[in-house]
1. Would you please classify the overall shape of region 29-70 from the alpha carbon gyration tensor, given that a ≥ b ≥ c denote the square roots of the eigenvalues, rounded means a/c under 1.5, and beyond that prolate means a/b larger than b/c while oblate covers the rest?
2. Which number comes out as Rg/Rh for the chain once both Rg and the Kirkwood Rh are worked out on C-alpha atoms?
3. Find the accessible area per residue for the chain; the probe is 1.4 Å, ligands and nucleic acids are left out, and the unit is Å².
4. Shape verdict for region 1-40, please, from the Cα gyration tensor: rounded (a/c under 1.5), prolate (a/b greater than b/c) or oblate.
5. Divide by every residue of the chain the summed helix terms, -39500 (n - 2.57) for each DSSP H run of at least 4, and state the resulting mean residue ellipticity at 222 nm, rounded to the nearest 500 deg cm²/dmol.
6. How large is the dipole of the chain about the Cα centre if only Lys and Arg carry +1 and Asp and Glu carry -1, each at its Cβ, rounded to the nearest 20 debye?
Amino acid sequence: MLRIFAANGARLDGKVYNDDTLMHIVAARDNLEEAEILLEFHAPVNERKENGETPLALAKSDAMKALIKK
């Protein structure tokens, strides 16, 4: 579903919930599949929340951290 939205021009760079971007949410949930889709469509990975957290700071697994650092 995310791929369909992204392919049809949905914005992937805005805050969507509680100061989180989509990348913050998928990183915190360790959802590698959705993170790969977001990265494919150039979603920002360095966006900071008001408290300074980036998606990388929220990533739980080494695989997610490596994906975000690409």
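The values are calculated or read from the model by the stated rules, or taken from the named source; none is laboratory data. No experiment lies behind these values; they were computed from the predicted model shown. Cβ coordinates were reconstructed from backbone atoms using ideal geometry, including for glycine residues, and neighbour counts include every protein chain displayed. Calculation scope for accessible area: heavy atoms of the full protein, side chains included, ligands and nucleic acids excluded. Shrake-Rupley method; radii C 1.70, N 1.55, O 1.52, S 1.80 Å.
1. Values: a/c = 1.94, a/b = 1.26, b/c = 1.54.
Oblate, because a/c is 1.5 or more while a/b does not exceed b/c.
2. Working: Rg = 11.1 Å, Rh = 11.9 Å.
Checking Rg against Rh, the ratio lands at 0.93.
3. On the way: 4640 Å² over 70 residues.
Value returned for the chain: 66 Å² of accessible area per residue.
4. Working: a/c = 2.33, a/b = 1.18, b/c = 1.98.
Because a/c hits 1.5 or more and a/b fails to exceed b/c, region 1-40 counts as oblate.
5. Mean residue ellipticity at 222 nm (helix-derived): -12000 deg cm²/dmol.
6. Working: 10 positive and 12 negative charges, 18 e Å.
For the chain, the charge dipole is close to 80 debye.
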